[in-house]
Structure formats: structure tokens, C-alpha cells
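Below is one structure, written out as C-alpha cells; comments come after it.
The values are calculated or read from the model by the stated rules, or taken from the named source; none is laboratory data. Note that the coordinates shown come from a computational prediction; the quantities given were computed from them, not determined experimentally. Glycine gets a Cβ as well: all are built from the backbone with ideal geometry, and neighbour counts include every protein chain shown.
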């Protein structure tokens, strides 16, 4: 069916009717490889690296420079790419102490409360049987990684919540060393609220490094930044591509795209709350995806009106409006069952069920980073203080990936310590399989033990 433009003055909210039209338009995903940075970024890259280079090529050059030159390259790119004045890469303890004097006490307490709730939630994950077990000489050793590198994006919007949501699970898992990299402000400082959050979470050090150069520093190590075992945290296009390119040299948690929220609502839903939940994600990024699916055409029209009304009151209203124009809108489906089917196909980062009776539909959810059940459980609460990490799979990766958790910081080592009787019983079969594969040395290593 046809796509309807509701309004084009304050914000364009598209209403799409029918599942097939929704799949073709609002629910069609754009591959990461097709994403293009703004023209001013492309112009900057041409000035620094020369013409004719793709974004992947630029990232590759940044990684190579940091690998070869260490701190000098990180400092150079901090200034050239992020506009940050050169300062020592490592943030001093004095700077962290001074940050507390710049942050209101009630905000410090809010950060501490959030950290406590995040810690309590992830400690419950840890308690579910993560110890070595033995059965007939078989078992597993569960060990935390030794060094984690956490990338925390944001300067104008400093995102202390993302720091807590990533560092606290690492500490609960028992990671030995946890380091944070953050882009700096023009004067070379890190936002005070981010430093306070780092201190509350128990970070070992904070480094002034943004974008691909931060990922390179963590992957290869520099004179100041330690090489880590695994890199965590979302970022922009350059961070995302850098994580893809260093994977294998170092572990990465996931490849993240722009944030996305899919709200499923019925005729009884409050259009004010629906619009508020969509705008909460739309204000993150011009490429965010705020999408509503409903079986009620009248609700669709009401929510569109509410979006237009509310966006005018937001400080980041222009960003939210651009998100709706780029990737947002409303789908009118034939039923709520069809809405859930479309949601499972889309596999959103956040799935909000603003339904009269949501629980029967929770059991139908197959693919989502997080499910927020009912009007009293807004996704914004999960962003800050509910407990689970808000670092969740995006770009459809919820089909196979999970939110960041304690598990991401743990690894399993298989343990084989079987008694001789088990080797005697199983060795012959194993040797026959080895010979079938043409691996006679394997077979002999087994056969030499048989009958001894």
C-alpha cells in the first residue's frame, strides 16, 4: 500500500500500511558498508589522507599509523580528527578528584545508585553455576579475561551511563584490569561526569583517545595505553569499522550500529507515552530508528501528532526530527500478532510492548536486545538504572547476539582429566576416526596407550 507523509513542517512522520510495504520501507535495514559519513567528515579525510579513499581505507591508515607510531599517532589524530588539544593520554588522579567538585552531589548519588543496581543484576548472572564441574574426568574452567578496553563515546552528550553499563559487568566478572578510552573535549579534557562515573565503577585508568585511534591503541598497545584482550563498547562509524578490522588481533564484543527502538502498541495505548518512548531514542542520533507498529490506525495518527508536538520541546529536537525523517515512522499492521512477527524479523535493539495485556506476547518474542513490558517499564529506565546493561545488539544482530553481560568478560577452558579406564574404553573408537581422517599420528598417540 502507499506511504503517507503525515507532516513535513516540524518533523516528518511516515505512516506505512501493511506488512509488505513496511518490509520494503521502514523495516528495510541499510548495511553498515553502505553508510557514509557527512560531507564535512569526508572533506576532512581528503585533506588528511588524500582523495579517493573509502572510509574503510581511512580507518586502515589510522590503525597502521598507531601500530607503527604509538602515542604520537594517537595524539595527532585526537587533534586532527576530534579537534582535541594535545594533553597527556592518561587522565591523572588529580583530574578525577577535581571532577567530583564539578558534578552536583545529587547526580553523583544517582550514578552510585545506578552502579549498585547494575552490579546487583550482574552478580545474579554470575551466581548461576559458573564454577568448574567434573564428571568422569571432564569439566570446565571459567576464567575472566585479564585486560578489557572499554570505549565510551560522547563529549557533548558524555554518556556516563554507558561507562557504568560496561565497566561494572567487567568488574563483577573479575577482570583484572579495566581501561576506558574516551574522546576529549576541545580543551583536551574529559567531561567531569564521565570521570566521576569511571571512578565509581572502579576503572584502572582513563585515556584521552577517540575514534579509530582509540581502538588501535587498545588493539596494539602504545607507550601509554596497554594492549588489551578484548574491546567493548559502541561508537560511531569509524569506531565500528576499526573494531571489525582489528578483530582477530584482539577480541571485540559486537559490531554496533545506530540505536533503535521498536514500540508495539494497541488501541488502548497512550499516544503521549508512545511518542515519548520513540523520541527518547530518536534524540540519540540522526540515524537512529524510532519505529511504532500498531494495529490501530487512529493511534497511528495520534502518535504522529504527539511526536510533532513533543519534538518542539526537546533540546535535541533537530536530531530527533532528522531521525524520524531518515529511518523512523509508523507501521499499521493487520494485528498485534503480525506486529510481533515483523518485530522478530527486524530484531530490534529495544522492543517496547505498550499493550493492554502484554504478557501473552512476551512468549512470542524471538529476536530483541531487550523487551520492555508495559507502560510502567520505559526503555529510558533501562538506559540508566533498571539493572541490565543497556549495551545491546543493533542492526539486526539480535538474531544471534545478546546484550552485554558478565558472560562477555568470561571464557571457558575445557578440562579433560579422564582416568585410564575411560581412555581404554574410548581410545579404540577415537583411533579409528583418526585413521579415517588420515591422521595416523593421532591414532598412534591413542593406540600406544591401549592395553597398557
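Residues being over 14 Å from the mean Cα position of the chain (by Cα), in a helix (DSSP H, G or I) and in contact (Cβ under 8 Å) with a residue 12 or more places away in the chain are represented in the stretch 246-267 by at least one member.
Filtering the stretch 275-301 to residues that are over 15 Å from residue 348 (Cβ atoms) and part of a helix (DSSP H, G or I) leaves 275, 276, 279, 297, 298, 299, 300, 301. Closer than 25 Å to residue 236 by Cα, in contact (Cβ under 8 Å) with a residue 24 or more places away in the chain and buried (at least 21 other Cβ atoms within 10 Å of the Cβ): does that describe residue 319? Here the answer is no, as residue 319 does not meet what is asked. Residue 376 meets the conditions (1) surrounded by 12 or more Cβ atoms within 10 Å (Cβ to Cβ); (2) within 30 Å of residue 112 (Cα to Cα) in every case but one. The failed one is (1).
Among the residues of the stretch 187-209 satisfying the criterion of being more than 20 Å from the chain's Cα centre (by Cα) and part of a helix (DSSP H, G or I), which is surrounded by the fewest Cβ atoms within 10 Å (Cβ to Cβ)? Checking each candidate, the answer is 199. Residues that are crowded, with 24+ Cβ neighbours inside 10 Å and touching a strand residue (DSSP E or B) at 6+ places or on another chain (Cβ under 6 Å) within the stretch 216-230 comprise 218, 219, 225, 228, listed in sequence order. Looking across the stretch 172-186 at every residue that is touching a helix residue (DSSP H, G or I) at 6+ places or on another chain (Cβ under 7 Å) and farther than 15 Å from residue 209 by Cβ, the one that is surrounded by the most Cβ atoms within 10 Å (Cβ to Cβ) is identified as 178.
Within the span defined as the stretch 349-357, one or more residues are out of contact with any strand residue (DSSP E or B) (no Cβ under 7 Å at 6 or more places or on another chain), surrounded by fewer than 17 Cβ atoms within 10 Å (Cβ to Cβ) and not assigned by TED's automatic domain parsing to the domain that holds residue 147.
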